[in-house]
1. For Leu218, are the conditions met, namely being more than 30 Å from Gln127 (Cβ to Cβ) and either under 19 Å from the mean Cα position of the chain (by Cα) or of a type in the set (A, V, I, L, M) (or both)?
2. Can you find a residue in region 165-183 that is exposed (fewer than 14 other Cβ atoms within 10 Å of the Cβ), β-branched (Val, Ile, Thr) and either touching a residue at least 12 places away in the same chain (Cβ under 8 Å) or within 16 Å of the ligand (Cβ to nearest atom) (or both)?
3. Across region 94-118, what is the total count of residues that are within 16 Å of the ligand (Cβ to nearest atom) and free of Cβ contacts under 8 Å to residues at least 24 places away in the same chain?
4. Only one of (1) touching a residue at least 40 places away in the same chain (Cβ under 8 Å); (2) within 16 Å of Tyr215 (Cβ to Cβ); (3) of a type in the set (S, T, N, Q) fails for Thr158. Which number is that?
5. Kindly check whether there is at least one residue in region 132-148 that is of a type outside the set (Val, Ile, Thr), assigned to a helix (DSSP H, G or I), closer than 15 Å to Leu83 by Cβ and more than 14 Å from the ligand (Cβ to nearest atom).
6. Please verify whether region 108-129 includes one or more residues that are out of contact with any Leu (no Cβ under 8 Å at 6 or more places or on another chain), buried (at least 18 other Cβ atoms within 10 Å of the Cβ) and under 24 Å from Met180 (Cβ atoms).
7. In region 205-228, what count of residues is obtained for those that are of a type in the set (Phe, Trp, Tyr) and away from the ligand (no atom under 16 Å from the Cβ)?
8. Of these, Ser121, Ser56, which one is hydroxyl-bearing (Ser, Thr, Tyr) and outside the structural domain of Ile138 (by TED's automatic domain parsing)?
Amino acid sequence: MKPKSFNSVDDFSKVKVKDLVTQNFHASELFEKLGIDFCCNGNRPLREALEEKQISNEKFLEELNKVNQSISSDNQRYSEWDLNFLAQYIVNNHHTYVKNAIPNIATHLEKVFNAHGEKYSYISEVQKEFRLVANEMISHMAKEEKILFPLIRYLVDTKNFSEKPKSGGYGTIKNPIRQMEAEHVSAGSAMEKIRALTDNYSLPQDACTTFQTTYKELDEFEKDLHKHIHLENNILFPRAIELENILVNETR
Ligand SMILES: [Fe+2]
């Protein structure tokens, strides 16, 4: 599937931020560069997001066309993947990354705090925010792995075996999804706070190697989180809701 091409800015009228990333995952890099949230706030009109950042539609179109031209043939088509496969990919790729990165970053932040915490008081604030994200993400991912993703697997199996879905006491899958989305917003804003506290990860002149590494790791952690949330909020969750609707209507 090739990303939809835009010939003029008039084509942007009905486009939402998330649409561009869903069609071509590389568009996320452009949004990262421009500081536009494509995951938690991906549902907003593109024009509104551009206006807020004071980016002209024409300039954006130029940049987007460059991204779409340079797209490699192995562009992963997440929106076409089987739902179970996508959920498993999120666990194997993003959840594993988060679980490994948390203790590393926490150790590095502690070292930076011990060496520079007195001179740069914002480091303790960064530590506090990161602790918050870390604790939230650990419990959040456990809920997804133990409750929501098995529920998605159940819906996929039910559809594959043409069975009638049984009520699992959760009402509708929209309930756990709503909670996961709220937790995404909270993790996303804590990382945004860290970015603001560190003035966009600007290193002080006397920053040691650990300081530099920690900022790189935090930056990478935030970018990974954005992709992770995008895959869930904009692809996995809406498709799971759609599947549940199909099953409920079929068996009515
Ligand atoms: Fe999640």
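1. Numbers: more than 30 Å from Gln127 (Cβ to Cβ): no; either under 19 Å from the mean Cα position of the chain (by Cα) or of a type in the set (A, V, I, L, M) (or both): yes.
Against the criterion (more than 30 Å from Gln127 (Cβ to Cβ) and either under 19 Å from the mean Cα position of the chain (by Cα) or of a type in the set (A, V, I, L, M) (or both)), Leu218 does not qualify.
2. The answer is yes; a qualifying residue exists.
3. Of all residues in region 94-118, those within 16 Å of the ligand (Cβ to nearest atom) come to 94-99, 101-102.
Within this subset, residues satisfying the condition of being free of Cβ contacts under 8 Å to residues at least 24 places away in the same chain are 96.
Counting residues in region 94-118 that are within 16 Å of the ligand (Cβ to nearest atom) and free of Cβ contacts under 8 Å to residues at least 24 places away in the same chain gives 1.
4. Checking Thr158 against (1) touching a residue at least 40 places away in the same chain (Cβ under 8 Å); (2) within 16 Å of Tyr215 (Cβ to Cβ); (3) of a type in the set (S, T, N, Q), the one that fails is (2).
5. no
6. Looking for residues that are out of contact with any Leu (no Cβ under 8 Å at 6 or more places or on another chain), buried (at least 18 other Cβ atoms within 10 Å of the Cβ) and under 24 Å from Met180 (Cβ atoms), one finds none in region 108-129, hence no.
7. Step one: of region 205-228, the residues of a type in the set (Phe, Trp, Tyr) are 211, 215, 221.
Those still in the list that are away from the ligand (no atom under 16 Å from the Cβ) too: 211, 215.
Selection size over region 205-228: 2.
8. On the way: Ser121 fails: outside the structural domain of Ile138 (by TED's automatic domain parsing).
None of the other options fit; the residue is Ser56.
The values are calculated or read from the model by the stated rules, or taken from the named source; none is laboratory data. All values derive from a computational prediction rather than experimental measurement. Neighbour counts run over all protein chains shown; Cβ positions are idealised from the backbone, glycine included.
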